[in-house]
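J.: Have a look at the structure that comes next, please.
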Amino acid sequence: MREFTLRADETGTLELVCERNDKEAPEPNVRSFAERDEFGLLVDDLTPGEQVLLFVPDTTSEE
């Protein structure tokens with residue numbers, strides 16, 4: 001598992017967008033969990049071994 005550091009936008013929002021590789025598969029089930037200092041998403045009903053593309057906003061700034 002790899003770690004990434006993401007930054008919330010100017011509204012305090014963090015958007016995570018994925019695109020499926022298996023275009024014929026039924027819609028997955030998305031669950032979430034949240035605690036004071038930790039939160040996450042769980043995606044069920046993907047095709048076993050399916051790859052998904054995660055779009056990560058470019059947060060590098062020119063200073």
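J.: Taking the Cα centre of the chain as the origin and placing charges on Cβ (Lys, Arg +1; Asp, Glu -1), which of VAL56, PHE39, VAL17 is farthest toward the positive end of the dipole?
T.: Value computed over the given set: PHE39.
J.: Could you please state how large a percent of the accessible area of the chain is carbon and sulfur, counting protein chains only and using a 1.4 Å probe? Intermediate results must be reported in sequence, preceding the final value.
T.: Details: 3100 of 6330 Å².
Here it works out to 49 percent.
J.: Treat every Asp and Glu Cβ in the chain as -1 and every Lys and Arg Cβ as +1, leave all other atoms uncharged, and give the resulting dipole magnitude about the Cα centre to the nearest 20 debye. Numbers along the way, then the final one.
T.: Working: 6 positive and 17 negative charges, 39 e Å.
The calculated dipole for the chain is roughly 180 debye.
J.: Just to be sure I understand the model, the point goes 7 Å from the Cα along the line to the Cβ. What's the resulting GLU27 to MET1 distance in nm?
T.: Going from the GLU27 label point to the MET1 one covers 2.8 nm.
J.: If you work out Kirkwood radius over Cα pairs in Å from the coordinates, which of (1) 14.2; (2) 11.7; (3) 13.4 do you get?
T.: The listed entry that was calculated here is (1).
J.: Over the chain, with the other protein chains present, what is the accessible area per residue in square angstrom, probe 1.4 angstrom?
T.: Per-residue accessible area for the chain comes out at 100 Å².
J.: Ok, one more. Based on the Cβ-Cβ distance from ASP9 to GLU38, what FRET efficiency comes out when R0 is 25 Å, to the nearest 0.05?
T.: Working: r = 20 Å, r/R0 = 0.81.
That gives a FRET efficiency of 0.80.
The values are calculated or read from the model by the stated rules, or taken from the named source; none is laboratory data. Keep in mind the model is a prediction, meaning the values are calculated, not measured. With ideal geometry, Cβ positions are generated from the backbone for all residues, glycine too; neighbour counts draw on all protein chains shown. Side chains included, ligands, DNA and RNA excluded: accessible areas come from the protein's heavy atoms. Shrake-Rupley method; radii C 1.70, N 1.55, O 1.52, S 1.80 Å.
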